[in-house]
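The values are calculated or read from the model by the stated rules, or taken from the named source; none is laboratory data. Small disclaimer: the values here were computed from a predicted structure and weren't measured. No Cβ is skipped: glycine too gets one built from the backbone with ideal geometry, and neighbour counts run over all protein chains shown.
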Amino acid sequence: MSLEKALKHKQKLIIITGSPCVGKTTVTDKLYTFYENSAFFDGDWAWCVNPFSLDDPRLRNGDKTMSFALSNYLNSGFDYVFFSSVVIIGKDIRETILRDITANDFSVIAFTLTCSEETLLERHKKRGDENECSFFWLHLAPLEGDHVIDTDNKSVKEIVYEIKKIIDADDKVR
């Protein structure tokens, strides 16, 4: 990277959120490989406990793990840090996680993946999840400023390129 480009470049935290089974992890796992000097953190890795319960009073401790891991990647000098998680679909949780990141001077580009109920059911069954498929997360409104990507009738490759086009356009603006 030239000195001029290095001076203009700002680290990017790329958020990918949406309902369980919408394709966040699959898409992010492919997407980040297109970017040199990048890292990928999946929010599911932050609170992998047994038994898992939304009623567990310790659940929000996973948010601290997310902030720490993202801080670690950004403070390590990665140009692109990709973060997929269902919980960052919520405004308060997202703001808390972002506020607790210790790195400075990075920009955030956020994407909300969505699909039809039929597609979500199909993906849920394909994954072999024994739990009942919930549409709760699917029907939450995306946060203001998020790029909404409808994943219906698209391959993972098509979704990745759609997101990549937006990230690359943001790079050209800077």
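Can Thr25 be described as more than 24 Å from Gly145 (Cα to Cα) and among the hydroxyl-bearing types (Ser, Thr, Tyr)? Working first, answer last.
Working: more than 24 Å from Gly145 (Cα to Cα): no; among the hydroxyl-bearing types (Ser, Thr, Tyr): yes.
So Thr25 does not fit the description; no.
How many of the residues in the stretch 134-157 are within 30 Å of Asp170 (Cβ to Cβ) and either touching a residue at least 40 places away in the same chain (Cβ under 8 Å) or of a type in the set (Ser, Thr, Tyr) (or both)?
Within the stretch 134-157, residues that are within 30 Å of Asp170 (Cβ to Cβ) and either touching a residue at least 40 places away in the same chain (Cβ under 8 Å) or of a type in the set (Ser, Thr, Tyr) (or both) number 10.
Within the stretch 91-116, restricting attention to residues that are closer than 22 Å to Cys48 by Cα and in contact with a strand residue (DSSP E or B) (Cβ under 9 Å, 6 or more places away or on another chain), which residue is surrounded by the most Cβ atoms within 10 Å (Cβ to Cβ)?
Looking at the filtered set, the residue picked out is Ile97.
Only one of these conditions is not met by Asn131: (1) free of Cβ contacts under 8 Å to residues at least 60 places away in the same chain; (2) closer than 19 Å to Lys30 by Cα; (3) out of contact with any Leu (no Cβ under 9 Å at 6 or more places or on another chain). Which number is it?
Here Asn131 clears every test but (2).
How many residues are among the hydroxyl-bearing types (Ser, Thr, Tyr) and in a loop (DSSP other than H, G, I, E, B) if we restrict to the stretch 102-116?
Initial filter on the stretch 102-116 (among the hydroxyl-bearing types (Ser, Thr, Tyr)): 102, 107, 112, 114, 116.
Those still in the list that are in a loop (DSSP other than H, G, I, E, B) too: 102, 116.
So the answer is 2.
Any residue at all in the stretch 117-137 that is among the hydroxyl-bearing types (Ser, Thr, Tyr), outside any loop (DSSP other than H, G, I, E, B) and either loosely packed, with under 14 Cβ neighbours inside 10 Å or modelled with pLDDT under 95 (or both)?
No, that holds for no residue.
Would you please name the residue that is farthest from Asp29 (Cα to Cα), looking only at residues in the stretch 134-174 that are over 17 Å from the mean Cα position of the chain (by Cα) and of a type in the set (Gly, Ala, Ser)?
Selected residue: Ser134.
Spot the failing condition for Phe52; the list is (1) crowded, with 17+ Cβ neighbours inside 10 Å; (2) modelled with pLDDT under 95, and only one is missed.
So Phe52 meets the others, but not (1).
Can you tell me which residue among Ile97, Ile88 is in contact with an Asp or Glu (Cβ under 8 Å, 6 or more places away or on another chain) and of a type in the set (A, V, I, L, M, F, W, C)?
Details: Ile88 fails: in contact with an Asp or Glu (Cβ under 8 Å, 6 or more places away or on another chain).
Every option except Ile97 fails the conditions.
Can you confirm whether the stretch 103-114 contains a residue that is farther than 22 Å from Ser67 by Cα and either at pLDDT 95 or above or of a type in the set (Asp, Glu) (or both)?
yes
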